[in-house]
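Take a look at the structure below.
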């Protein structure tokens, strides 16, 4: 009798439902076992809400793209107009919708099926940048001792991003609602696997990148190998070298590894002849060096990219690897190598001319090219001091590769050659600063002028004009 009363109570509780829901949607049921019997009880069941609702503004009509929601059969699109939500389309079967040209503002998407609707998801991304996969990489080419690997991505202008893992034994696994801009996922591998990243733009166009990751051998052995007649400094070193980071200088190799260290290898000589290489110092880093360091005097300058999307610039002494100076963390990745500009003596002005006339000299310092397009000039003696900041005018600049520096025959005019994500190359003159005449400096000293030539760290960001540009 008690069982019957409890069953009746459950039925009565779930029969009190919203009238509109009852007329628009079916009632969902779930089996429940009561003693020897299985009965069906009414339940509330709705799809999941979309994770990302992205909008690409366009004068011809804004495009909405959202991640597919589990169990959803269709979607409702609403627009916020005059302080309230108005229905645009109550039955969209896909995950993409183009608004009328007259529409604008804020939108939201609701996932529904025959049993009900999820909570509406308001747009959480507005995208305007060009579509491009900037990076797809792993923290190592072989899993760690626990069989784990991290895979990271950075994408611009994408509506959706997904990753599929395919293993050597034919199994597959997919992540279909990833962050469309950047992220990292961890995965356990039991066999050789490949990760395929697929990004879609707002028009449905897709592009893919593939990474292959190996597992640890079951019975690792050390092979003797044959070196042959060519020098192979890292032969059987076991180091996971980042190829772009290798720099050779005066019988030394400087390079970084995916494990987040910077190494120096040196030669062993007999009677002036190189017979072998040996490890020197190595430095633990807070991130990864993606490009070759540069050498200035007795120091090594290099950029570090961190997994939180930030970066920094550091210098270390060549002799022992001791750190000399580091910049503050930059708000954007620093993937390109720094470029050092030294002040060249002017050859066009005589001693008399320089006494009376001010001149223009290129701005010296350590030039740091951030991924978001910001160029900073740092003090080489103290990298925490920002001398000036610049951006490129008239082009979309995102620094991934190190700009090339060219100098004219006089040595006075210098120019950066850069490349952007739209397959353009362009030239930008290295900025200059005004050098006062000798007599002007002398007068300032005599009469107590408070003006100095010390650069300010509070300068506003200046614009560097593009001198020329060409499409690749």
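The values are calculated or read from the model by the stated rules, or taken from the named source; none is laboratory data. If you're wondering where the values come from, they're calculated on a predicted model, not measured in any experiment. Cβ atoms come from the backbone with ideal geometry, glycine included; neighbour counts cover every protein chain shown.
Within region 284-307, the residues that satisfy the criterion of being more than 18 Å from residue 329 (Cα to Cα) and not in a loop (DSSP other than H, G, I, E, B) are 294, 295, 296, 299, 300.
Being over 14 Å from the mean Cα position of the chain (by Cα) and under 27 Å from residue 123 (Cβ atoms) is the filter; apply it to region 147-160 and report the residue that is surrounded by the most Cβ atoms within 10 Å (Cβ to Cβ). Reasoning before the result, please.
Going through region 147-160, the residues over 14 Å from the mean Cα position of the chain (by Cα) turn out to be 147-150, 159-160.
From what's left, under 27 Å from residue 123 (Cβ atoms): 159-160.
Numbers: 159: 27, 160: 23.
Per the criteria, the residue is 159.
Per-residue answers, yes or no, for (1) outside the structural domain of residue 367 (by TED's automatic domain parsing); (2) over 22 Å from the mean Cα position of the chain (by Cα); (3) within 13 Å of residue 369 (Cα to Cα); (4) at pLDDT 90 or above:
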{"site": "398", "(1), (2), (3), (4)": "no, no, yes, no"}
{"site": "410", "(1), (2), (3), (4)": "no, yes, no, no"}
{"site": "420", "(1), (2), (3), (4)": "no, no, yes, no"}
{"site": "425", "(1), (2), (3), (4)": "no, no, no, yes"}
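Residues in region 270-303 that are modelled with pLDDT under 85 and touching a strand residue (DSSP E or B) at 6+ places or on another chain (Cβ under 7 Å): 274, 275, 276, 277, 278.
Look through region 329-363, keep the residues that are outside any loop (DSSP other than H, G, I, E, B) and within 40 Å of the chain's Cα centre (by Cα), and return whichever of them is modelled with the lowest pLDDT.
Let us first name the residues in region 329-363 that are outside any loop (DSSP other than H, G, I, E, B), namely 330, 339-341, 351-356, 359-362.
Filter once more, so that each one left must be within 40 Å of the chain's Cα centre (by Cα): 330, 339-341, 360-362.
Numbers: 330: 93, 339: 95, 340: 95, 341: 92, 360: 74, 361: 83, 362: 87.
The qualifying residue modelled with the lowest pLDDT is 360.
Being part of a strand (DSSP E or B) and under 19 Å from residue 115 (Cβ atoms) is the filter; apply it to region 40-61 and report the residue that is nearest to the chain's Cα centre (by Cα). Taking the candidates together, the pick is 43.
Annotation for region 261-281: no member residue is outside any strand (DSSP E or B), surrounded by 13 or more Cβ atoms within 10 Å (Cβ to Cβ) and under 25 Å from the mean Cα position of the chain (by Cα).
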